[in-house]
């Protein structure tokens, strides 16, 4: 599911620490990486993840939020990989 979020929500998401119930993936993550985390969360106690948040070593704060310009771009970049 692709969800539109506000700037305030985006900042809150990039600040969340990764855990057993929350993960963040780069917009450039391939379909295999997204499928792996989706399966891991489904096989555990559940959880959520976002695609479009860069690693903490790449940027800080809201600059980590890259996202995708459209739903079509988001889904096609994941399914291509």
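Just so you know, all these numbers are worked out from the coordinates, no wet-lab data involved. Note that the structure is a prediction, hence the values are computed from the model and not measured. All Cβ positions, glycine included, derive from the backbone under ideal geometry; neighbour counts span all protein chains shown.
Values for this structure:
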| quantity | calculated |
| --- | --- |
| Cβ-based exposure ranking for 51, 5, in which fewest neighbours within 10 Å come first | 5, 51 |
| Sorted largest first, extent of the chain alpha carbons per principal axis (Å) | 30, 27, 23 |
| Order of 72, 36 under a 10 Å beta carbon neighbour criterion, fewest first | 72, 36 |
| Residues residue 16 and residue 44, FRET efficiency given R0 of 25 Å [Cβ-Cβ distance, rounded to 0.05] | 0.90 |
| GNM result for the chain, Cα springs below 10 Å: residue of 44, 32, 59 fluctuating most strongly | 44 |
